[in-house]
Structure formats: structure tokens, C-alpha cells
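The values are calculated or read from the model by the stated rules, or taken from the named source; none is laboratory data. Values in this document were obtained by computation on a predicted structure and should not be read as measured data. The protein model used for the area step is the full one, side chains on, heavy atoms only, and it has no ligands, DNA or RNA in it. Shrake-Rupley method; radii C 1.70, N 1.55, O 1.52, S 1.80 Å.
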Amino acid sequence: MAVIEAIATTYLEADAASVSFDINSSPGNTYEHLQLRGSLITVHTGGHADFTVNLATGGGAVDTGNNYSYHDMYGAGTGNSVAQGASARLKFYTANTTANSNSAQTYSEFVIDILDYRNTSKNTTLMGVVGLNDSSNWASLDSGLWDNTGAVTTVQIAGSYGDIVRGSSFTLYGLKSS
């Protein structure tokens, strides 16, 4: 049986460029996999927003360069699309979360698995599901990898085009076999 435990939770009291979790310290470094769950709004004047997940090894600075690859499938209502980004930032799309015509109360909920984050024999892979709780019926399924075989020590969530809005919340969980 698998065990899942909450490691840390962050609730934004003010807009922020990013939110980081240090998993190099105990108990974060004792799990097989990590799971990041949250609810957020990101700023983007065009309305189609996304956020990135940046990783770091050895307690160093997070990698915000183009060392990630991702795929995503998304749809709204009856439409759908598929996108791919190689050598790009690891993006998770959140649809119309902020713009002049959208309510600031429209949060996107997400669950992202960070698999085998301590395994130094392979690149770190991520899988995520994002949904938007409004009339657009938006959902996306995303996956990606970080072109680095180091053990992950920091997980950072950042708005791609602007801040993460006050009221957004994030919880990092650890998963391991019993």
C-alpha cells in the first residue's frame, strides 16, 4: 500500500513571482515520488495563462533555462488541441485565468506528479492535470522532463508571464511504499 504525506503548504497572502519548496531537508528527501497540488491564478493580459515548474539539484539555484521538454493536450468545451515544446520551460496551461474580461475568482486547480525525483540514473519526469472551474470547461493533461539526472532538491512554481495572484495555494506531498 502506498503512503502519501503532506510535506509543506503555502498560501499566498500577496501576489508573488514564484513559490518554492525545499525538499533537500527532511522529511522531503525520503520519498519515492512527489506530488504537487494547488489552486492558482496567474497574471497574463491576453487571458491565456500558464505557469512553469522549475527544478534544482544539490540545493543550488532553480533551472529557469530551456532545459525542459513538455507535451500537453488541452480542450475547452468541444474544442481541443495538442502542443509540444522541446528545449523549453516546463509549462502547465491554465486557460483564461486572468484578463480584463475574466473574474479574478477563477482559479485553476492542478495535480502534478514528480516521479523518481531522487533517481540519478534518469531524467526527472513530471505528469500533470489542470482544470479550470468556470464556464469554459477547460482541462489539460501535461507531461514533461527535465534534461538533468541530478536528484531534485527544490521545486518552484512560477507564473510564465506575470505574478501568481494572492489567494493561490500549493501543497507538496511525498509518496512512498509502505
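Results, tabulated for the structure shown:
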| item | result |
| --- | --- |
| Selection count, the range 23-54, where residues are modelled with pLDDT of 90 or more and either open to solvent by 60 Å² or more (accessible area, probe 1.4 Å) or of a type in the set (Lys, Arg) (or both) | 2 |
| The range 68-103 - residue that is open to solvent by 70 Å² or more (accessible area, probe 1.4 Å) and modelled with pLDDT of 80 or more and, of those, nearest to Val53 (Cα to Cα) | His71 |
| Breaking point among (1) outside any strand (DSSP E or B); (2) open to solvent by less than 20 Å² (accessible area, probe 1.4 Å), for Val155 | (1) |
| When residues of the range 158-178 are limited to those that are of a type outside the set (Gly, Ala, Ser) and in a strand (DSSP E or B), the one farthest from Lys91 (Cα to Cα) | Lys176 |
| Flag for Val165 being open to solvent by 20 Å² or more (accessible area, probe 1.4 Å) and among the hydrophobic types (A, V, I, L, M, F, W, C) | yes |
